[in-house]
Every structure is written in structure tokens, then in C-alpha cells.
Amino acid sequence: MPANSPLDHMSLNGGSLGVPAAAVDDLDDAPAKLRRSPVDLDRIRRAVREILLAVGEDPEREGLRETPDRVARMYAEVFQGLHQDPRVHLSKLFTQKYDEMVLVKDIRLVSFCEHHLLPVVGRAHVAYVPNGKVVGLSKIPRVIDVLARRPQLQERLTEDVADLLMRELDAKGVAVVIEASHSCMTIRGVNKPDSTFVTSAMRGVFKERLATRSEVMSLIFGTRS
């Protein structure tokens, strides 16, 4: 398996894909599903309680009494991608003689920076040039959701999406551009709330042909100043 593969952080557990997205969506209302979670919720609860004590708070006061449990369920939700296989969303392809660019723009993206475990919020733009096969439009956002719902670096996420699509779609080329705001820069540290981080990964014809790369960047950004 290549370095930085999107499967590096995935737990297949004998072929199981872990907790389905629907199960995690209903965590607040379904204690039985929580018990089947691969996430160690009790361990997170204990850790959050220790953090509250460490910063000088009283975990027994009314407003904080249920906070460790809420945080545990939140982490089970936002890191569910660790227990899912993004390839499952690319398993069904459709034969289509179309060899022009396919572009999906402005895919909302929410992740967590692995350095501070603070939110990263942005959007992804993904293009590919088919090689006789196309994939359903909803599948690309689903792949991004799986890979984003892990402790991430934006650079790695961008490359993982590009490499996975290039391989699984057998595409002639893939282009991925991600624009995101990082809470570790906007609410702490340098405190630059208007900053945006942009990363790109070009594969195949998008890397080899300047005209194709220029076309996709123009379609993504247009005349934006």
C-alpha cells in the first residue's frame, strides 16, 4: 500500500466497514447503537473530565455534568471516517463514452486539524476526465466526507482524494482543489479570521497538460478576485 494512502488510518476489522453513517447520525437517540461503536466512549469521557479539572473547572457543576458524554458522542460522529472505507462509494461505475471534464464544485467540507483537534471548514472542488467510466455525482462528496472525518492535514486530504479517485475510477486525470478556514489560525495563535488555506493536487492530464489545468482552474475560480 503506498505511503499516505487513504486506507492508512482505516480499520476494516475483518471486512466490516465499522459504524454506518446512519448509526452515527442517530447517536443521541440510540444508546444501543452507541454500544456497538468502535470508539471507546468511556475513555473519552474520562479524558474530558480530566481536561475540565486540569483547566480549573468543576465537572460536577450543572452545565458541565453531561459535557464528557456529549464530547464523547461528538468525537464518535466527527471521526467516523476512521472506521469507514471510502472505496465503497466508488464500487459502482457506469459505462459512458465521455472524455471531457467532469467537475463538481463547492462541496462542503468539515474536518478536524490533527495538530489541535480544531474544526476545519471549507469546500472542495473535484474534476476528472473519464476513461470510459463515470461515477454517480453524489459519490464524490461521500468520498470526501469519509476522508475528511478523520484527524487530518489539508495537504494529505487533498492528495488522498486525488489518488483514490485516480485509482478507483481509472481516470485519465483528476484535479482536486480545497479551500478551507482553519480554527487553529482563526480563533487562536495568530488570530487571522479572514485567512483561507488553498491546496491542490493534479494527476494525469491535469498535471501533464497546462491547457487542461488552466481550464479547470478557470472553471473553479472564474473571475474571482
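Flag not set for Thr223, criterion: at pLDDT 90 or above, surrounded by fewer than 17 Cβ atoms within 10 Å (Cβ to Cβ) and farther than 14 Å from Val126 by Cα.
Scoring Pro68 on the criteria (1) assigned by TED's automatic domain parsing to the domain that holds Lys207; (2) not in a loop (DSSP other than H, G, I, E, B) leaves a single failure, condition (1).
Restricting the first member to the range 184-204 and to residues that are closer than 16 Å to Arg156 by Cβ, and the second to residues that are in a loop (DSSP other than H, G, I, E, B) and of a type in the set (A, V, I, L, M), the beta-carbon pairs closer than 8 Å and six or more apart or on different chains are Cys184/Leu118; Arg203/Ala171. Taken over the range 101-118, the residue count meeting the criterion of being in a strand (DSSP E or B) and in contact with a Cys (Cβ under 8 Å, 6 or more places away or on another chain) is 1. Please verify whether Ile220 is more than 20 Å from Arg108 (Cα to Cα) and either assigned by TED's automatic domain parsing to the domain that holds Arg156 or touching a residue at least 40 places away in the same chain (Cβ under 8 Å) (or both), treating the condition exactly as stated. In short, no. If the condition is being among the polar types (S, T, N, Q) and over 25 Å from Thr212 (Cβ atoms), then the range 85-100 contributes only Ser91. Is it the case that the range 41-56 has a residue that's acidic (Asp, Glu), under 19 Å from His83 (Cβ atoms) and either surrounded by fewer than 11 Cβ atoms within 10 Å (Cβ to Cβ) or modelled with pLDDT of 95 or more (or both)? Yes, because at least one residue in the range 41-56 is acidic (Asp, Glu), under 19 Å from His83 (Cβ atoms) and either surrounded by fewer than 11 Cβ atoms within 10 Å (Cβ to Cβ) or modelled with pLDDT of 95 or more (or both).
Residue by residue, here is whether (1) aromatic (Phe, Trp, Tyr); (2) farther than 16 Å from Arg149 by Cβ; (3) in contact with a strand residue (DSSP E or B) (Cβ under 7 Å, 6 or more places away or on another chain); (4) surrounded by 14 or more Cβ atoms within 10 Å (Cβ to Cβ) holds:
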| residue | (1), (2), (3), (4) |
| --- | --- |
| Leu82 | no, no, no, yes |
| Asp85 | no, no, no, yes |
| Leu93 | no, yes, yes, yes |
| Lys97 | no, yes, no, no |
| Arg108 | no, no, yes, no |
| Ser111 | no, no, yes, yes |
| His115 | no, yes, no, no |
| Ala124 | no, no, yes, yes |
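Residue count for the range 74-100, restricted to those that are in a loop (DSSP other than H, G, I, E, B) and touching a helix residue (DSSP H, G or I) at 6+ places or on another chain (Cβ under 7 Å): 1. May I ask you to verify whether Met185 is in contact with a strand residue (DSSP E or B) (Cβ under 6 Å, 6 or more places away or on another chain) and either crowded, with 21+ Cβ neighbours inside 10 Å or of a type outside the set (Lys, Arg) (or both)? Answer is no for this residue. Met217: assigned to a helix (DSSP H, G or I), of a type in the set (A, V, I, L, M) and at pLDDT 95 or above, yes or no? It is true that Met217 is assigned to a helix (DSSP H, G or I), of a type in the set (A, V, I, L, M) and at pLDDT 95 or above.
Can you pull out the residues in the range 196-212 that are surrounded by fewer than 18 Cβ atoms within 10 Å (Cβ to Cβ) and within 18 Å of Leu165 (Cα to Cα)? Passing the criteria: Lys207, Glu208.
The values are calculated or read from the model by the stated rules, or taken from the named source; none is laboratory data. Model, not experiment: these values are computed from the prediction. FYI the Cβ positions are ideal-geometry reconstructions off the backbone, even for glycines, and counts take in every protein chain you see.
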